[in-house]
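The values are calculated or read from the model by the stated rules, or taken from the named source; none is laboratory data. Treat the numbers as computed from the prediction; the structure is a model and nothing was measured. Here the Cβ is made from the backbone with ideal geometry for all residues, glycine too, and neighbour counts use every protein chain on show.
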């Protein structure tokens, strides 16, 4: 089991996607190196904090409604499909992220928390917007 745990830690530390685990109350319990790169908060700064750390203020109410519904029902609305959303960095900068979510159980079926996998898609979103503007300006 120890080798499996250390392998899991090495994998999470090596992948390019941000992996965030939050307990049932929304407190961050896992923050991999890609999170540090993406959001700018060190693991020490993020661990134990609420997810509001990276959620823009105008999206917080909707986020918490969805989070609480998933935790209480044991099911996510997106069923693992990625969704585009906004996030905020430590320096206050906004970014677009593509995120997928899953619930984490305790082995007996009780939800312990959730895990999110995120990647920065800001450049892609901005390029798509520019292309749409150019197309509508030329029409």
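Observations on the model:
The rows are residues; the columns are (1) within 27 Å of residue 124 (Cα to Cα); (2) out of contact with any helix residue (DSSP H, G or I) (no Cβ under 9 Å at 6 or more places or on another chain).
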site	(1), (2)
7	no, yes
20	yes, no
65	no, yes
71	no, yes
81	yes, yes
87	yes, no
94	yes, no
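- Count of segment 57-79 residues, restricted to those that are touching a strand residue (DSSP E or B) at 6+ places or on another chain (Cβ under 6 Å) and either more than 22 Å from residue 30 (Cβ to Cβ) or exposed (fewer than 14 other Cβ atoms within 10 Å of the Cβ) (or both), is 1.
- The set of residues in segment 91-101 that are in a loop (DSSP other than H, G, I, E, B) and surrounded by fewer than 11 Cβ atoms within 10 Å (Cβ to Cβ) comprises 91, 92.
- Selection count, segment 98-112, where residues are in contact with a helix residue (DSSP H, G or I) (Cβ under 8 Å, 6 or more places away or on another chain) and in contact (Cβ under 8 Å) with a residue 60 or more places away in the chain: 1
- Test for residue 104: is it closer than 25 Å to residue 126 by Cα, surrounded by 13 or more Cβ atoms within 10 Å (Cβ to Cβ) and either in contact with a strand residue (DSSP E or B) (Cβ under 9 Å, 6 or more places away or on another chain) or at pLDDT below 95 (or both): no
- The residues listed here are 111, 125; of these, the one that is over 14 Å from the mean Cα position of the chain (by Cα), surrounded by 15 or more Cβ atoms within 10 Å (Cβ to Cβ) and closer than 18 Å to residue 63 by Cβ is 111.
- Helices (runs of 4 or more DSSP H) completely within segment 1-90 that count 1 or more residues being modelled with pLDDT of 95 or more, under 12 Å from the mean Cα position of the chain (by Cα) and within 14 Å of residue 117 (Cα to Cα): 33-39
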